[in-house]
Amino acid sequence: MVVKNSENILKVLFAYNGWWISGEVPKELLRKYKRRVFHEANNALNHKDVRRHVILCGARRTGKSTAMYQTVDLLLAGGTEPRSILLFSFDHPLLKMCSIEEILEVYKQSVFSGEMPTIFIDEIQYGENWESYLKIIYDISPKTKVMATGSASSAISKKIKESGHGRWTAIAVPSLSFCEYLEITETPTPVLPVSNIDPLAFHELPVADQTAIITGLSELQAPFLQYVQKGGFPEISLSSDAIYSGKILREDIVDRALKKDIPSVYDIRSTNDLERIFLYLCYNSGNLVNIEAISKELNGVSRITVEKYISYLESANLINICKPVNLAGKSALKQQDKIYVADSSIRANVLMLGDVLTDPEELGVLVEGICYAHIKNHFSASGSSVGYFRTSGKGKEIDIVVHKNHRPEFLAEIKYRESAPIKEDDAIVANCAFGKVNYVITKRNQDYGVNYYKNGAQIYRIPVHVFLYLLGK
């Protein structure tokens, strides 16, 4: 029997596109909550002046496919002809054998031959020469709209550059922010006395307003700890079964990325070294990464391989790489990168840490990674970069430096502990003049306000649950 024939392709397409028969998206594929990326993607897809294909890039289980189904639902609710909407996934073993051209040919011959289809493609990185076919669609079919998802960000970005930047809008889909976690879990949040609060200008508010806001947000301390434990993957954040959630995370997110997504995109035959490097990074999340040390630790895996595999892990959205910067306005090329596991739940479940809330040191590591991811995601939209600063002498650090064109905009230290003093000789005090805003992000709700130093520095302290909530809002 010939597996890849029109009849078999059509059967798979009908299975993916239930609305061709029923006129609606199956309810189990939809979610009540719509992430911000859903709105961003639809604004880009339907922009009245600028035409773009849209691609959602992020780790598995972050809600990329859900956003596509929600978009299909929106189109159907608006009266779009059901058969003019095509959705398929290159994760399917049969469709993975096909080109986009072959799939569209079957679709046009048997389902819809009109001029204005809307096409949704899941896990597009598995499609052969997908960027070439979509370039052709863009150029010769101006009324066709395309939304796609992918789990290998850097590989997809490279393909987008090769096929033409002006045809695509790439949208990053990180795991849930703390603010989104509160929304998706329907956690009540207080009405604040001040609206539209800029968290980077929080210290400029009258002290009475600061106190009222922090007092009002004190009830978010407990949900924040739940967020640290559960992480930001939507399905897992809604589960009450920690053992099952951990299993799903390891198998569906980590194992599939390490054993399927990365090897297929980058043509890796054996994943043993990749898995060992990722495990090493999980144990050392938040630390400086010494490539030579990793090479020796892993029995001589070459430096080139270590560097290459770390870049692949970043591409699969399993880690975040924090690069060193020089506050004087240049990149610190000779220093090592810091690496954070991309989501707190990944580190906790891969290392089988159990109850992280009883381990202050582990909590500090997880919270620092969470803060880095939030700040990176927040500022990347404005073209700013996020790194860290390390002095050359005693090796003192500033955890987070937000900079644009190597000009620092925001300096932050993460001090998630009961007592978090900042000393006169700490790097953030000595270098505070470089930052427009200088914050210490603290643990306790009572630990907020301005600290003054002999050199004229003013460092503002703000509790982490307050800062992340306001950043998300």
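The values are calculated or read from the model by the stated rules, or taken from the named source; none is laboratory data. Predicted model only: the values in this text are computed from it and were never measured. Cβ placement follows ideal geometry from the backbone for every residue including glycine, while neighbour counts extend to all protein chains displayed. Protein only, heavy atoms only, side chains kept; ligands, DNA and RNA dropped before computing areas. Shrake-Rupley method; radii C 1.70, N 1.55, O 1.52, S 1.80 Å.
Consider GLU424 carefully, then state whether it is loosely packed, with under 12 Cβ neighbours inside 10 Å, modelled with pLDDT of 90 or more and not hydrophobic (A, V, I, L, M, F, W, C).
Working: loosely packed, with under 12 Cβ neighbours inside 10 Å: yes; modelled with pLDDT of 90 or more: yes; not hydrophobic (A, V, I, L, M, F, W, C): yes.
It is true that GLU424 is loosely packed, with under 12 Cβ neighbours inside 10 Å, modelled with pLDDT of 90 or more and not hydrophobic (A, V, I, L, M, F, W, C).
Hey, does region 112-123 have a residue that's in a loop (DSSP other than H, G, I, E, B), over 23 Å from ARG61 (Cα atoms), among the polar types (S, T, N, Q) and open to solvent by 40 Å² or more (accessible area, probe 1.4 Å)? Yes, there is a match, as at least one residue in region 112-123 is in a loop (DSSP other than H, G, I, E, B), over 23 Å from ARG61 (Cα atoms), among the polar types (S, T, N, Q) and open to solvent by 40 Å² or more (accessible area, probe 1.4 Å).
Screening SER89 on (1) open to solvent by less than 10 Å² (accessible area, probe 1.4 Å); (2) over 21 Å from LEU30 (Cα atoms) shows it passes everything except condition (2).
Close contacts from region 80-95, counting a first residue that is of a type in the set (S, T, N, Q) and a second that is surrounded by fewer than 22 Cβ atoms within 10 Å (Cβ to Cβ) and in a strand (DSSP E or B), with Cβ to Cβ under 8 Å and a gap of 6+ residues or different chains, come to THR80/THR118; SER84/THR118.
Screening region 60-77 for residues that are open to solvent by less than 10 Å² (accessible area, probe 1.4 Å) and hydrophobic (A, V, I, L, M, F, W, C) and picking the one that is nearest to SER345 (Cα to Cα) gives ALA67.
In a residue-by-residue description of region 455-466, the property of being aromatic (Phe, Trp, Tyr) and over 26 Å from SER384 (Cα atoms) applies to no position.
Among HIS39, HIS47, which is the only one that is without any contact (Cβ under 8 Å) to a residue 12 or more places away in the chain, closer than 23 Å to LYS473 by Cα and open to solvent by 30 Å² or more (accessible area, probe 1.4 Å)? Working first, answer last.
On the way: HIS47 fails: closer than 23 Å to LYS473 by Cα.
When all the criteria are applied, what remains is HIS39.
Applying a threshold of 9 Å to beta carbon distances and a minimum spacing of six or more residues, or different chains, the list of pairs starting in region 189-207 at a residue that is closer than 14 Å to ILE462 by Cα and among the acidic types (Asp, Glu) and ending at one that is assigned to a helix (DSSP H, G or I) and open to solvent by 60 Å² or more (accessible area, probe 1.4 Å) reads ASP198/GLU204. Of the residues making up region 303-352, those that are open to solvent by 60 Å² or more (accessible area, probe 1.4 Å) and modelled with pLDDT of 90 or more are ARG303, ILE304, GLU307, LYS308, GLU314, LYS323, GLN336, MET352.
If you go through region 383-409 and keep only what is charged (D, E, K, R), part of a strand (DSSP E or B) and in contact (Cβ under 8 Å) with a residue 24 or more places away in the chain, you end up with ARG390, GLU397, ASP399, ARG407, GLU409. Consider region 228-264 and keep the residues that are more than 25 Å from LEU274 (Cβ to Cβ) and either basic (Lys, Arg) or free of Cβ contacts under 8 Å to residues at least 60 places away in the same chain (or both). The one that is least open to solvent (accessible area, probe 1.4 Å) is SER239. Taking region 71-84 as the search range and keeping residues that are assigned to a loop (DSSP other than H, G, I, E, B) and of a type in the set (Gly, Ala, Ser), which one is farthest from the chain's Cα centre (by Cα)? By that ranking, first place goes to GLY79.
Taken over region 85-111, the criterion of being in contact with an Asp or Glu (Cβ under 6 Å, 6 or more places away or on another chain) and not in a loop (DSSP other than H, G, I, E, B) is satisfied by SER89 alone.
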